Each structure stands twice: as structure tokens, then as C-alpha cells.
Amino acid sequence: MNGFGTFVQLVADGLAQGSLYAALALAIVLVNQATGLINFAQGGMAVLGSYIGMSVGNLLVPTNLILGVLIGIIVAVAASFGLGALIERFVMRRFQGGEEDTKVVATIGLLTLITGIIALIWGYNFLPYPFFFNTGLSFTVGGIAISLWSLTTFLTIVALMIVLQLLFTRTKVGLGLRAVADNPNSSALSGIRVGRMLMIGWGLAAALGTIAGILLAAKAQLNPGNFDAILVYALAAVIIGGVDSPSARSSRPSRSRCSRTSPAPMSPGSATT
Amino acid sequence: MLLELEHVAAAYGPVQVLEDVSLSVPEGSAVGILGANGAGKTTTLRAISGTVRVPSGSIRFKGNDIRGKRPELVAALGIAHVPEGRGALANLTVQENLRVGAYLRKDRAGIESDIAFLLDLFPNLERRYGSNGSALSGGEQQMMAIGRAFMAKPTLLVLDEPSLGLAPSTAKTVYTAIARLRDETGISMLVVEQNANLAFSVVDSAVVLETGRSVLTGSTAELRGNDEIRRAYLGG
């Protein structure tokens, strides 16, 4: 394959990989906007959600592949939303009014706990995630092979971001979420139930993270540490994009991601690729 | 009686700010709270809206005990508090700020007609309708904050120093609008104000606070006639 073709393929894969970082970054920002803290457990929560989706999927796929995978994803997303909301209500709320550092350390503790729980139930081995199609499949456009997984991942994340954008700008819940993120005390004076909004914010973030987790697992299989490395890139995206702006978050990670995938294979030392 | 405070004490942590405050707001009336810096005016309002701990005393609104209720529940009962510093939602537009005010309302037609009323009351807000709260001048933010509180369709509007930090002419504009709001809607008000002349342009009666205690209550006319009040709050 010529150099240009390789380049285009790497860009396509990079966009897919990067959209995963973007999704996790966006989840982190959703929580940060609402509560002002960085949730280091965001990746761990996403992986837990993915395991739930895998278990449900494995139960149902023998009867119907598409439906089984789909139900697995829906259950995983719903469970993650609930789990995120419950973690806010029963864990993070207890640190309200305390030191910021304490809260952040608490999220690191959560990450450790969640990873441990996953390992306890499912073990440390890589497990295959049942998916709609073989993620090794690709199709050819103008002599350039594009991975079907890359395309699916990229489009899914873009669609999710559009949906979230509409949620925030066009719905009452979205207005409440933004108001609470902006000024919780002032929002409460307008009758908005701040605690409930925080739970919804955590739930949305967890659900979004889980979708990213499933897309990753479909390609790379499931492992308790699946998001450990990705969390680092997502945090980089969060910092470069600005921790307080969801729109900046979703647009800039593509850049941080491209620079991660592309340079290594394109460098002179690996010219054999 | 719409709102009744009896022997209310309040503290921020170990610091007791209110010792013994009693006041009442009859249905349909506007009551002012006068007092020097640190007298406890803002804390009294916070005690009502549930944003400060009230260890003793009673606070009754429409006959219900609201002491210790969370701010969102107090708001839902019909008290709209415009906090000190205006509490603008800086990253939301004027329009969104007003809609946040109407968060608990379901009557769409009523919401639209109230927004139209407010934009007529505050022409500045109409010009800045799509701007973020942070882009507004202090006066415009105050108008937006009053507008947001009004959008809740409250029984009682609680205003914390609407003139704070505003140029005298702007403060006057704001008070003219508050007076018109009262005339046209009959809404009850509780107004904290350091500038008693401004307060008297709106309220029927006032209570004077000194170091966390309510020391004097009277109608506007009575207070105007009181030498001490004149010296302390009306500039001679």
C-alpha cells in the first residue's frame, strides 16, 4: 500500500480512537461542570458498565445476535446511569462542602474499588465482547481500506454529542443541568432540585462513558484496566479543551488523538509498515 | 399574615449573626428591612429562604413552618429570593435566566406573557435578550435577577439590596421598575436596603435591625418622622 493510503487509514483509525477519548473526556467534563471535580473513576465506571453489557449480551446473543447485543448495550447504559446517580448520591454527596482534594482522592478510591469488584466477578483475563459485527472487517473506498469499527465508533460518538448538545440546549432538564453547573445556590432559589441535577449529571456521564467502553471492548476485548491508559489521554483532552466547556471538549480531542496514533507508525524507524 | 418571623436566631458556623429578629409581612404589602452593615439584613433573608441554619425561632409562611426547609422547597412554596450580588447565571443568556426562574411552572402561556411583561418593564433586557448573563452591566444583571425571581410567579418577592453597586440613576431606574411591578401585580415584597430613601419609594412599612436584633418597626410615615431614623438612614 502506498504511503498516502496508509496515512488516510491511520487518520480514520485515529478519528475513531480519538472519539473514544473525546467521549470519556466529555463524561469527565459533564461531572466537572456539575460538581467542579475531576472524576478519576470515570473510566472504571465505563468498564464496569461494559462488563454488564457483555454479560447480558452473552446471555442473549445465542438466540438473536443483533437483538442480544442491543439489549446488552441498553441494559449496560441504563445500569451505568443508575450507578452514576447512586455514586453521586451516596458517596460523593458525603464529601459536599469538604476539601476539593478529598473528593478527588475519593474518586481515585472509587476507581480502585470498581476495578477490584470487576476482577472479583469477571477476573483479570481479556474477555471478548459480543458485537454486531466482526470488528476486524473493513471496506475499501478508492483503494483505501476503512475499518468498519472505526466508522461505527466515530459516527456513534458524533451522534451522541449531537444528542447531548440538544439535551442541554433544548430541554428543561438540560436547562436545569446548566443552571446548576453555573450557580447551584442561585439555581436552588429558583426551585431547581440541585441534588437531583447532580445525580442526573453523574448518570449521564456514566452512561456516555459506558458507550465508549463498549465500543472499545468490541475491538480490544474487555479487561478491568481497559480505560486506565485512555483516561490519561482523555484528561489531556480535557485540559487542552478547557475543563469547563463541553463543546470545546468534544471538538479538540480529535487533535490530541491524531497526534497519538499517527506519529509512531509514520516515523522513519517504522517505515516497513 | 403572609410571612411571620418570631425571635429568629441564625449562625454561620460558630458565628451568631442573628440574635432575635421578629418581623411580619401582611399579604399584599411591601416591607423594608433597614440597618447598618453587619446588622443581619442579608442573613434574615437567608434564614427565610433556607440558605443559613436557623437554630431557634419560628418562620411561618402562609401559616406553614418553613424554618430549616431547603431553599428549593421554600422556592416551591412561593418565595422568590433575589440574593445579594444578584446570583446571575453567568453562562446562560438572559432568556435562559428567565426560563430558569420559571422552572417549576407548567403554564406555558403564562410564562410567555410574563416574559413579555418583564421585557416591557425592563427594556434593557429586551435589548440583551440573547446575551450571556456575564456580559450584562450591573444594573442589567439586577434587572435580570428580579426578572428571574418574578418568573417563578411567587407570592412573596424577597429582594436583597437591589441598589448595591449601582450608579444612583441606575438604582433609581431599578426601583421605579420594582414599584411598577408591585403596582401592576400586587405581589408582596420584603426588601433589604441600605438606602432608606430608595426603600421608602416602594415599601409601606419597615423594620430596623441593629446587631442581629429587630429594634423598631413602623410605617414609612412613622419612620420618616423618627429623628433617629432620619439621622441614621435618611441623611439628616
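Each reported figure results from applying straightforward, stated rules to the coordinates on display, with no laboratory input. As the structure is a computational prediction, the values presented were derived from the model and not from experiment. All Cβ positions, even for glycine, are placed from backbone atoms using ideal geometry, and neighbour counts span all protein chains on display.
See the values below:
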quantity: Residue B:180, sole failed condition from (1) touching a strand residue (DSSP E or B) at 6+ places or on another chain (Cβ under 7 Å); (2) under 21 Å from residue B:116 (Cα atoms); calculated: (1)
quantity: Residue check for residue B:106: within 14 Å of another protein chain (Cβ to nearest Cβ) and exposed (fewer than 15 other Cβ atoms within 10 Å of the Cβ); calculated: yes
quantity: Of residues in region A:190-216 being part of a helix (DSSP H, G or I) and in contact with a Pro (Cβ under 9 Å, 6 or more places away or on another chain), the one farthest from the other protein chains (Cβ to nearest Cβ); calculated: A:198
quantity: Condition check for residue B:113: polar (S, T, N, Q), away from chain A (no Cβ under 12 Å) and free of Cβ contacts under 8 Å to residues at least 24 places away in the same chain; calculated: yes
quantity: Residue check, residue B:182 touching a residue at least 60 places away in the same chain (Cβ under 8 Å) and in a helix (DSSP H, G or I); calculated: yes
quantity: Residue that is surrounded by the most Cβ atoms within 10 Å (Cβ to Cβ) [pool: residues in region B:77-100 that are more than 7 Å from every other protein chain (Cβ to nearest Cβ) and out of contact with any strand residue (DSSP E or B) (no Cβ under 7 Å at 6 or more places or on another chain)]; calculated: B:94
quantity: Residues satisfying the stated conditions in region A:168-184, i.e. part of a helix (DSSP H, G or I) and at the interface with another protein chain (Cβ under 7 Å from one of its Cβ atoms); calculated: A:175, A:176, A:178, A:179, A:182
quantity: Residue satisfying all of: in region B:48-76; in contact (Cβ under 8 Å) with a residue 60 or more places away in the chain and assigned to a helix (DSSP H, G or I); farthest from the other protein chains (Cβ to nearest Cβ) among these; calculated: B:48
quantity: Among the candidates B:26, B:55, B:71, residue that is more than 20 Å from residue B:195 (Cβ to Cβ) and buried (at least 21 other Cβ atoms within 10 Å of the Cβ); calculated: B:71
quantity: Residue satisfying condition, being among the small types (Gly, Ala, Ser) and under 15 Å from residue A:129 (Cα atoms), within set A:27, A:76, A:85; calculated: A:76
